[in-house]
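Chemist: The structure's right below; bear with me while I get my questions together.
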Amino acid sequence: MNLTVNGEEKAVSAATLADLLPELEFEGDWLATAVNSELIAADEREAFQLSEGDKVEILAPMQGG
């Protein structure tokens, strides 16, 4: 399936948002996720089915200053 992840085209095998994160090497419960501009809570990722062409944003907090 082809998705746009953080602005980059990706071909992935994941069917759910929960499966997508480890496939793209994102880990941690502190990640924020959105699909097609809709925020998806961590407890909803397992059931959230991805579709061809979805636009996924994965955000992680960064330290610094």
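Chemist: Kindly list the number of the only condition in (1) in contact with a strand residue (DSSP E or B) (Cβ under 6 Å, 6 or more places away or on another chain); (2) part of a loop (DSSP other than H, G, I, E, B) that fails for Asp29.
Modeler: (1)
Chemist: If I ask for residues that are out of contact with any Leu (no Cβ under 8 Å at 6 or more places or on another chain) and surrounded by 13 or more Cβ atoms within 10 Å (Cβ to Cβ), which ones from region 45-65 would you list?
Modeler: Glu57
Chemist: Turning to a different aspect of this structure: Across region 27-40, which residue is nearest to Lys55 (Cα to Cα) among those that are of a type in the set (A, V, I, L, M, F, W, C) and within 11 Å of the chain's Cα centre (by Cα)?
Modeler: Top of the filtered list is Val35.
Chemist: Looking only at region 5-26, count every residue that is assigned to a loop (DSSP other than H, G, I, E, B) and within 9 Å of the chain's Cα centre (by Cα) and tell me the total.
Modeler: Residues meeting the conditions: 3.
Chemist: From the residues in region 32-49 that are among the small types (Gly, Ala, Ser) and part of a loop (DSSP other than H, G, I, E, B), which one is farthest from Ala60 (Cα to Cα)?
Modeler: Step by step, filter region 32-49, then rank; the result is Ala47.
Chemist: Further, regarding this structure: Just to be sure I understand the filter: pairs with C-beta atoms under 6 Å, separated by 6 or more residues or on different chains, first member in region 6-20 and closer than 17 Å to Phe48 by Cβ, second member surrounded by 13 or more Cβ atoms within 10 Å (Cβ to Cβ) and small (Gly, Ala, Ser). Which pairs pass?
Modeler: Leu20/Ala14
Chemist: Return the pair list, or none, for Cβ contacts closer than 9 Å from residues in region 40-64 that are under 17 Å from Asp19 (Cβ atoms) to residues that are basic (Lys, Arg), at least 6 apart or on different chains.
Modeler: Every condition considered, the pairs that remain are Val56/Lys10.
Read-outs: derived from the displayed coordinates by stated rules, not from any lab. What you see is a predicted model; the values in this text were computed from it and never measured. Counting neighbours? That spans all protein chains shown, and the Cβs are built from the backbone with ideal geometry, glycine included.
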